[in-house]
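Asker: The structure under discussion is supplied below as structure tokens; questions concerning it will follow.
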Amino acid sequence: MLIQEDFADLQTPTGPMRVHRYRPTGGGPFPGLILFSEIFQVTGPIQRTARLLAAQGYVVAAPEVYHEFEPLGCALAYDKEGTDKGNRYKIEKDLAAYDSDARAVIAHLKSLPDCNGRLGAIGICLGGHLSFRCSMNPEITAGVCFYATDIHKRSLGKGMSDNSLDRIPELKAEMLMIYGKQDPHVPQVGRDLIYKTMTDSNVNFTWHEFNAQHAFIRDEGPRYDAALANICYALAFELFHRRLQAGNTAAPAGSVAPTGPLKLG
């Protein structure tokens, strides 16, 4: 499917935010996806992920998560300076601003004539955590989190005391959680805490752990694992196609819902 690319600058409570948009060129309307980036904002690898998603029949919106700190259109480099900036911004930004940014993108997608209003969220690293929080919004039907950081430490946002673990019961979207077993940012004890809390809260989710390091989906750098990335994208598309493309937003009348999560890997 051919796609077109542009951007929109949205007004948020903390200033203008650029949202990069990737959309099929014809047909529709299509489901919408919010793609949350790593700490480096909308880099080349994030753009390629957005194009991959859009080519499968989705209107994709990728917001610049640090619009309060960097000029519109800026992407940080994958180097020490970019990493230091991104990690600093992550804990300088108000937690409420992450949530209001997500609300702004949800409203924007729902306003687009080529979006049918069925929405999902997907994110990588920091973006995995933002996708997790975004999926607490009632408009989100399916959420994908690639190695979401900081959830287990409650360390997102100013003050490093986020409430994502406490808000897990608010997750009504079906979730796909993917982690690398060799990821030092989310060690086994952290993964176990997230899994148990989601299970205890009766969230509808699937959990996968792969023998991989942090950033194994990013197609730049020495940790990229193309084979695993392909598997993970296939898992994400299965969820999005089933819940968004097919419009399967509720179980059929008389059906029996799953009683617990599925954990593989």
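The values are calculated or read from the model by the stated rules, or taken from the named source; none is laboratory data. In this text, all values refer to a predicted model and were calculated from it rather than measured experimentally. Cβ sites come from the backbone with ideal geometry, for glycine too, and all protein chains shown count toward neighbours.
Asker: So in region 11-34, with the set limited to residues that are among the aliphatic types (A, V, I, L, M) and farther than 18 Å from Asp94 by Cα, which one is surrounded by the fewest Cβ atoms within 10 Å (Cβ to Cβ)? Full working, then the answer.
Answerer: Taking region 11-34 and keeping what is among the aliphatic types (A, V, I, L, M), we get 17, 19, 33-34.
Within this subset, residues satisfying the condition of being farther than 18 Å from Asp94 by Cα are 19, 33-34.
Details: Val19: 23, Leu33: 29, Ile34: 29.
Among residues in region 11-34 that are among the aliphatic types (A, V, I, L, M) and farther than 18 Å from Asp94 by Cα, the one surrounded by the fewest Cβ atoms within 10 Å (Cβ to Cβ) is Val19.
Conditions (1) in a strand (DSSP E or B); (2) touching a Leu at 6+ places or on another chain (Cβ under 7 Å), marked per residue:
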residue	(1), (2)
Asp6	yes, no
Asp9	yes, yes
Pro16	yes, yes
Gly27	no, no
Val42	no, no
Thr49	no, yes
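Asker: Determine whether Ala77 is touching a helix residue (DSSP H, G or I) at 6+ places or on another chain (Cβ under 9 Å), more than 23 Å from Asn163 (Cα to Cα) and exposed (fewer than 15 other Cβ atoms within 10 Å of the Cβ).
Answerer: On the way: touching a helix residue (DSSP H, G or I) at 6+ places or on another chain (Cβ under 9 Å): yes; more than 23 Å from Asn163 (Cα to Cα): yes; exposed (fewer than 15 other Cβ atoms within 10 Å of the Cβ): yes.
Yes.
Asker: Kindly establish whether Leu76 is free of Cβ contacts under 8 Å to residues at least 40 places away in the same chain, touching a Gly at 6+ places or on another chain (Cβ under 6 Å), more than 28 Å from Tyr195 (Cβ to Cβ) and not basic (Lys, Arg).
Answerer: Numbers: free of Cβ contacts under 8 Å to residues at least 40 places away in the same chain: yes; touching a Gly at 6+ places or on another chain (Cβ under 6 Å): yes; more than 28 Å from Tyr195 (Cβ to Cβ): yes; not basic (Lys, Arg): yes.
Considered against the rule, which asks whether it is free of Cβ contacts under 8 Å to residues at least 40 places away in the same chain, touching a Gly at 6+ places or on another chain (Cβ under 6 Å), more than 28 Å from Tyr195 (Cβ to Cβ) and not basic (Lys, Arg), Leu76 comes out as yes.
Asker: May I ask you to say which residue of Ser37, Ser100 is touching a Ser or Thr at 6+ places or on another chain (Cβ under 9 Å), of a type in the set (Ser, Thr, Tyr), touching a residue at least 24 places away in the same chain (Cβ under 8 Å) and surrounded by fewer than 17 Cβ atoms within 10 Å (Cβ to Cβ)? Write out each step before concluding.
Answerer: On the way: Ser37 fails: surrounded by fewer than 17 Cβ atoms within 10 Å (Cβ to Cβ).
Criteria check complete, one pass: Ser100.
Asker: Count, please, the residues in region 202-220 that happen to be outside any loop (DSSP other than H, G, I, E, B) and either modelled with pLDDT under 95 or more than 18 Å from the chain's Cα centre (by Cα) (or both). Walk me through how you get there before you give the answer.
Answerer: Residues of region 202-220 outside any loop (DSSP other than H, G, I, E, B): 205-210.
Imposing the further condition that a residue be either modelled with pLDDT under 95 or more than 18 Å from the chain's Cα centre (by Cα) (or both) reduces the set to 210.
Going through region 202-220 one residue at a time, the tally reaches 1.
Asker: Report yes if Gly254 is at pLDDT below 95 and over 24 Å from Tyr89 (Cα atoms), otherwise no. Outline the logic, then answer.
Answerer: Working: at pLDDT below 95: yes; over 24 Å from Tyr89 (Cα atoms): yes.
So Gly254 passes the test.
Asker: Take region 50-64 and flag every residue that is in contact with a Lys or Arg (Cβ under 9 Å, 6 or more places away or on another chain) and either modelled with pLDDT under 95 or farther than 13 Å from Gly86 by Cβ (or both).
Answerer: To start, the set of residues in region 50-64 that are in contact with a Lys or Arg (Cβ under 9 Å, 6 or more places away or on another chain) comprises 50, 54, 58-64.
Ala50, Ala54, Tyr58, Val59, Val60, Ala61, Ala62, Pro63 - these are the residues of region 50-64 that are in contact with a Lys or Arg (Cβ under 9 Å, 6 or more places away or on another chain) and either modelled with pLDDT under 95 or farther than 13 Å from Gly86 by Cβ (or both).
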